[in-house]
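Inspection log for the structure reproduced underneath, given as C-alpha cells.
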Amino acid sequence: QHLLQGRGLATNNRPIRIAKNNVKINDLVFEQQVVNTVANVQQLYWNLVYAIENVEVAQEAVKYSLRLLDDNQKQVDGGTLAPVEVTRARAELAADNGAVITAETTVLQQEIFLKNALSRNGVASPELVSAHVVPTDRIQIPEVEPVRLTEELVQSALTQRPEVKEARLQIDSAHINIEGVRANMMPQLDAVADLRNNALSGPQSPLSASIAPSALVGGYCNALSQLFFRDFPNYSVGVTMTIPLRNRAAEANMATAQVNLRMQQQSVQRLENLIRLDVQNALIALKQARIKHDVAVEQVKLEEELLDAENKKLSIGTSTPQLVILVQRDLANAQLSVVQAVNAY
C-alpha cells in the first residue's frame, strides 16, 4: 500500500480522467467541423441568391435598353433623331445582354459549388448536374435593427464556441497531469504486509535416524489439509522507504507540466480575446452593411427619378440618348450596389 508516492484515487485514475477529456475533445472537434461545414454551405447558398439577384438586375438593365431602343427608333422614324442613335442604343442593348449571359453563367457556377458541397459524390451524377437549385429564402433586412448588447453576445460566444470548451478541457487535463507529477516528487513510502500458509508434508526418509512427527508424514492430501487449516502460517508486516537524492527527473517533469499548464491558460486567454474581437468586428460590419444598404436603396430611388426625368427631356428634345444611357448605367450600378449590400448584410 503506497502511503506517499502513488497514494489515492486522484493519482491512480488520472489516465482514465484524461482519456475521458480526450473523448470530449474529439466530440468538440467534430462539432467544430460540423459548424464550419454548415457555415460554408450557408455562405454558398447566399452567394447563389446574390448571383440570381444579380441576373435580375442585369435583366432590368436590358428592359431599359429595349425601351430606349424603341423610343429612339420611333424618333428616327419621325425624323426628329439621327439614325446613329439607334445604333448606339443597339450597342448598349448588346452590352446589357452580354452582362445577362455573364450573370447567368455565374449562377450556374454557384449551383455547382452548392451541389458539390451538399452531395457525397459531387457533380458526378448526371441527374445532379442537370438539376437546378432554386433558392426559396431571400435575405430580409428588418426595418429597425434589434438591440444587441455586446457583452451578452460575447458571453454567448464564449459559452457556445466548441474551441473554447476544448481549450478548457485541455486545461483540466493539464491540472490532472500535474497531480500525478507532483505525487512522483514525494518519497516512496510503502506499507508491506505478507501472509502465507505453508504445507510441510512428505514420506519418512529411510536414511533418517529419528522418527518424524506424525503430523508431517503424509502425501498430497495431508499437504492440502495443512494449507486450508493454516497449520504453518507465516506473517510479516513492514514499511519500506525510498528517497531519491536530488530528484531532478521528477522536478524537471513538474516544471514541464507547470509550463504546459501556463501555456494552455494563455492560449485560452488569447482565444477569448480573439472571440471578443470577432464579436465586436461582426457588430461593426453589420452596422456598416446596414448603412451601405440604406444608402444604396436611396441612391436607386434617386437614379430612377433621374432616369424618368432624362427620358422626359429626351421626348421633348432637350436631352440626348447618350445621357439617357449614362443614367441607365448609373441606375444599374445602384441596383447592383443594393444587391451587394444585402448579401454583405
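The values are calculated or read from the model by the stated rules, or taken from the named source; none is laboratory data. Please read these numbers as outputs of a predicted model, since none were measured by experiment. Virtual Cβ from ideal backbone geometry, glycine too; neighbours counted across all protein chains shown. To get the accessible areas, we keep the full protein, side chains included, count just its heavy atoms, and leave off ligands, DNA and RNA. Shrake-Rupley method; radii C 1.70, N 1.55, O 1.52, S 1.80 Å.
Based on alpha-carbon centroids, what's the gap between region 36-65 and region 319-333 in Å, whole number please?
For region 36-65 versus region 319-333, the Cα centre distance is 24 Å.
What shape does region 98-209 have by the C-alpha gyration tensor, where a ≥ b ≥ c are the square roots of the eigenvalues, rounded means a/c under 1.5, and otherwise prolate means a/b greater than b/c and oblate the rest?
oblate
Work out the length of the dipole vector of region 264-345 about its Cα centre, built from +1 on the beta-carbon of each Lys and Arg and -1 on the beta-carbon of each Asp and Glu, and round it to the nearest 20 debye.
Once rounded to the nearest 20, the dipole reads 260 debye.
What angle, in degrees between 0 and 90 and rounded to the nearest 10, separates the Cα long axis of helix 14-78 from the longest principal axis of the Cα atoms of the chain?
Roughly 10 degrees, rounded to the nearest 10.
Would you please give the residues with an amide H less than 5 Å from that of PHE232, counting only those at least 5 places away or on a separate chain, with H modeled from the backbone geometry?
Here the answer is ASN198, since their amide H atoms fall under 5 Å of that of PHE232.
With a ≥ b ≥ c the root eigenvalues of the C-alpha gyration tensor of region 260-308, is it rounded (a/c under 1.5), prolate (a/b larger than b/c) or oblate?
Taking the square roots of the gyration eigenvalues as a ≥ b ≥ c, region 260-308 is prolate.
Averaged per residue, what accessible area in Å² does the chain show with a 1.4 Å probe, protein chains only?
Accessible surface, normalised per residue, equals 65 Å².
Across region 222-237, in residue order, what do the Karplus-derived ³J(HN,Hα) couplings come to in whole Hz, using 6.51 cos²θ - 1.76 cosθ + 1.60 with θ = phi - 60° and x for Gly and Pro?
Calculated HN-Hα couplings, in order: 5, 5, 5, 4, 5, 5, 6, 8, 6, 6, 10, x, 10, 10, 8, 9 Hz.
Specify the residue with the greatest mean-square fluctuation among ALA167, ALA82, ALA334, computed from a Gaussian network of the chain linking alpha-carbon atoms under 10 Å apart.
Maximum among the listed residues: ALA82.
In region 213-295, what trypsin sites (Lys or Arg not before Pro) fall in a loop by DSSP, with at most 14 other Cβ atoms inside 10 Å?
ARG230, ARG246
Give, to the nearest whole percent, the P(r) tail of the chain beyond 29 angstrom, counting all Cα pairs.
Cα-Cα pairs in the chain separated by more than 29 Å: 70 percent.
Say we join alpha carbon atoms closer than 10 Å with springs in a Gaussian network model of the chain; which of ARG14, ARG148, ARG90 then has the biggest fluctuation?
Most flexible of the set in this elastic network: ARG148.
Note the angle between two axes, namely the Cα long axis of helix 150-160 and the longest principal axis of the Cα atoms of the chain, as a number of degrees from 0 to 90, rounded to the nearest 10.
50 degrees
When the helices in the chain are scored as -39500 (n - 2.57) per DSSP H run of 4 or longer and the sum is shared across all residues, what 222 nm value do you end up with, to the nearest 500 deg cm²/dmol?
-25500 deg cm²/dmol
If one takes the longest principal axis of the Cα atoms in the chain, at what angle in degrees, from 0 to 90 and to the nearest 10, does the Cα axis of helix 162-184 lie?
20 degrees
Of VAL34, ILE52, LEU9, which is farthest towards the positive pole of region 1-94's charge dipole, taken about the Cα centre with +1 and -1 on the beta-carbons of Lys, Arg and Asp, Glu respectively?
LEU9
So which of LYS24/LYS115; LYS63/LYS313; LYS292/LYS313; LYS63/LYS287; LYS74/LYS313 end up more than 24 Å apart, counting from Cα to Cα?
LYS24/LYS115; LYS292/LYS313; LYS63/LYS287
Charges at C-beta only: +1 for Lys and Arg, -1 for Asp and Glu. How large is the resulting dipole of the chain about its Cα centre, in Debye rounded to 20?
Computed charge dipole of the chain: roughly 2140 debye.
Could you identify which residue out of LEU66, LEU227, LEU302 has the top mean-square fluctuation in a GNM of the chain using Cα springs shorter than 10 Å?
LEU227
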